[in-house]
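Here is the structure we will look at, set down as structure tokens.
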């Protein structure tokens with residue numbers, strides 16, 4: 001992999017680069033005040049969307065062919081599909097893409113399908129795919145439910161203090177697991193007009209783990225659960241299924257989604273459908289219509305394509321855009337800024353959600369990620385919204401101040417016992433659940449992370465609360481979480497560049513001197529990992545392979561994160577000048593930056609995101625602080 005990015009040939013002074021970028025960002029604002037860049041993921045979203053529609057009996061030929069064109073366009077020369085741009089081939093993603101293309105009518109003997117088949121067989125066949133992929137195959141009779149981990153619906157009855165209860169799962173996982181218990185109990189198998197024998201590798205069975213290990217214990221528990229599922233206590237099972245359906249219905253959002261994200265959404269629709277909810281039931285109708293609203297259509301030389309966003313990020317994008325404009329010197333009462341602030345105020349969440357299970361006495365407040373995500377506000381969005389709103393001169397300052405105070409109180413109350421903050425829940429740290437055979441894909445708990453904790457610390461410091469107990473505990477958590485090399489791990493962005501870019505400004509804002517050893521170690525780490533072209537980048541493989549930590553092709557967003565940290569530490573070094581120059585050289589004529597590489601993280605090691613607005617908001621903030629300076633500026637988000 002090259003560690004350089006192409007230059008555009010544009011030659012502008014740094015203030016001119018900033019001015020062009022601001023103009024481009026302004027042009028992306030919706031008339032209602034919000035910003036929303038596309039949230040790009042991988043083709044499992046599109047494959048599973050087609051399979052869901054096939055399962056529900058609503059798939060059309062037009063949408064099938066549009067999705068198939070997109071899936072084919074993302075296939076690489078070796079016949080595989082990856083989970084992020086330039087990443088390694090992924091077995092499960094390749095299998096799901098192959099099945100979707102067969103659904104679209106592609107001949108398994110066609111060269112592109114044969115290349116995919118060769119890869120799948122070389123890596124063990126469908127037998128070595130993740131559990132979720134095999135669940136999709138089981139839905140259509142292509143895999144046996146007996147060979148999948150059992151998830152009994154009786155889980156819904158476990159009290160929240162009992163191990164393995166549904167609130168031990170992260171919010172995105174619990175909303176997926178509850179409907180999956182229904183689906184796995186009813187064991188549907190709706191045949192397709194083709195099979196997957198071409199993809200069966202028949203690898204040797206994996207031996208059971210030792211009995212005295214968590215893996216071994218849960219493997220044997222799974223066998224017990226399978227036996228119980230064949231002869232359950234019928235009244236208890238019926239009650240569990242009814243309770244699960246009620247739980248699912250109660251958590252549907254106003255836009256028809258569940259959590260505003262694809263996994264719980266599709267499994268909730270299937271669960272309700274299997275329980276007898278007709279397609280014209282309001283919950284089903286709203287859910288399907290909402291999914292249609294997450295589709296992106298594009299005309300290409302090969303024809304019209306459609307792809308599905310795994311989620312949408314308007315609140316996140318809007319607060320970061322406002323911060324970027326203010327960092328760039330835009331007036332605090334600028335009409336675009338005020339309009340965005342008004343929209344964010346309308347998005348404040350004042351209802352109680354699942355977070356109250358762990359914090360029952362905490363009053364609601366704060367903001368979520370999506371247009372409609374009232375059940376799951378998060379501390380990360382809330383911190384960044386507060387950091388943006390507090391700098392705006394809004395025509396109704398009392399309303400804005402009241403919303404800010406509620407957001408601060410709620411998010412501060414979500415601090416975990418160890419002093420850090422997770423994103424959606426407090427103290428969601430029970431790792432026992434990660435040992436279940438079901439949990440072979442992505443993060444299933446939401447423990448405190450350096451990036452989220454940094455944003456909370458920075459928000460409290462900006463509000464003059466650096467000496468509060470909550471802020472001091474957060475600072476101690478961050479200092480203890482620093483890696484031995486001087487960096488911080490990035491949970492929600494790639495990766496150590498993101499974590500370090502967020503933590504350094506937070507610690508400085510909270511009063512840690514720029515000369516402190518922790519800050520100097522971080523500065524040294526960033527300078528050591530600057531690319532020869534002057535930019536910064538970190539490949540997403542760093543989540544699985546330490547050799548990639550701090551290493552990757554330069555990107556606009558990651559270069560900006562590094563600059564935000566260096567500027568917060570008071571650096572006006574050669575490293576800073578080279579980073580600023582890189583942003584200037586790579587800016588496009590329209591004021592934007594090209595960024596095909598993914599720098600957002602959904603689940604470390606498994607699921608990644610290309611936030612299309614990251615390439616704008618973070619470079620504007622970094623260049624704005626370089627040109628103007630901001631004593632209370634925020635760091636990487």
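A few notes on this one:
- Checked against (1) out of contact with any strand residue (DSSP E or B) (no Cβ under 8 Å at 6 or more places or on another chain); (2) at pLDDT 95 or above, residue 248 passes all but a single condition, namely (1).
Residues checked against (1) closer than 27 Å to residue 616 by Cα; (2) surrounded by 15 or more Cβ atoms within 10 Å (Cβ to Cβ); (3) assigned by TED's automatic domain parsing to the domain that holds residue 251:
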site: 272; (1), (2), (3): no, yes, yes
site: 283; (1), (2), (3): no, yes, yes
site: 296; (1), (2), (3): yes, no, yes
site: 322; (1), (2), (3): yes, yes, no
site: 325; (1), (2), (3): yes, yes, no
site: 333; (1), (2), (3): yes, no, no
site: 336; (1), (2), (3): yes, yes, no
site: 341; (1), (2), (3): yes, yes, no
site: 366; (1), (2), (3): yes, yes, no
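- Cross-chain or 6+ apart pairs with Cβ under 6 Å, the range 289-311 first and over 26 Å from residue 602 (Cβ atoms), then outside any loop (DSSP other than H, G, I, E, B): 302/69; 303/69; 304/66
- Number of residues in the range 312-340 that are assigned to a helix (DSSP H, G or I) and in contact (Cβ under 8 Å) with a residue 60 or more places away in the chain: the value is 17.
- Here residue 248 fits the description: touching a helix residue (DSSP H, G or I) at 6+ places or on another chain (Cβ under 7 Å) and either over 29 Å from residue 128 (Cβ atoms) or in contact (Cβ under 8 Å) with a residue 60 or more places away in the chain (or both).
Conditions (1) outside any loop (DSSP other than H, G, I, E, B); (2) out of contact with any strand residue (DSSP E or B) (no Cβ under 7 Å at 6 or more places or on another chain); (3) at pLDDT below 95, marked per residue:
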position: 551; (1), (2), (3): no, yes, no
position: 554; (1), (2), (3): no, yes, no
position: 560; (1), (2), (3): yes, yes, no
position: 572; (1), (2), (3): no, yes, yes
position: 598; (1), (2), (3): no, no, no
position: 619; (1), (2), (3): yes, yes, no
position: 625; (1), (2), (3): yes, yes, no
position: 636; (1), (2), (3): no, yes, yes
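- Where residue 151 falls short, out of the listed (1) buried (at least 17 other Cβ atoms within 10 Å of the Cβ); (2) in contact (Cβ under 8 Å) with a residue 60 or more places away in the chain; (3) more than 22 Å from residue 229 (Cα to Cα); (4) under 26 Å from the mean Cα position of the chain (by Cα): (3)
- Across the range 220-242, a minimum of one residue is classified as within 33 Å of the chain's Cα centre (by Cα), at pLDDT 95 or above and surrounded by fewer than 16 Cβ atoms within 10 Å (Cβ to Cβ).
- Taking first residues from the range 412-425 that are in a helix (DSSP H, G or I) and partners that are crowded, with 24+ Cβ neighbours inside 10 Å and at pLDDT below 95, no Cβ contact under 7 Å between residues at least 6 apart in sequence or on separate chains turns up.
- Number of positions in the range 195-215 that are in a helix (DSSP H, G or I) and either over 17 Å from residue 433 (Cα atoms) or at pLDDT 80 or above (or both): 3
- The lone criterion from (1) touching a helix residue (DSSP H, G or I) at 6+ places or on another chain (Cβ under 6 Å); (2) at pLDDT 95 or above left unmet by residue 302 is number (2).
- Residues in the range 509-532 that are in contact (Cβ under 8 Å) with a residue 60 or more places away in the chain and closer than 30 Å to residue 603 by Cβ: 509, 531.
- Wholly enclosed helices (runs of 4 or more DSSP H) of the range 437-522 bearing at least 1 residues closer than 25 Å to residue 425 by Cβ and touching a strand residue (DSSP E or B) at 6+ places or on another chain (Cβ under 7 Å): 450-462
- Looking only at the range 182-215, and only at residues there that are outside the structural domain of residue 265 (by TED's automatic domain parsing) and under 20 Å from residue 164 (Cβ atoms), the one that is surrounded by the most Cβ atoms within 10 Å (Cβ to Cβ): 209
- Per-region count, the range 266-293, residues outside any helix (DSSP H, G or I) and touching a helix residue (DSSP H, G or I) at 6+ places or on another chain (Cβ under 8 Å): 5
- Of the criteria (1) under 30 Å from residue 102 (Cα atoms); (2) without any contact (Cβ under 8 Å) to a residue 40 or more places away in the chain, which one residue 231 fails: (1)
The values are calculated or read from the model by the stated rules, or taken from the named source; none is laboratory data. Just so we're clear, the structure is a prediction, and the values are computed from it rather than from any experiment. Cβ coordinates were reconstructed from backbone atoms using ideal geometry, including for glycine residues, and neighbour counts include every protein chain displayed.
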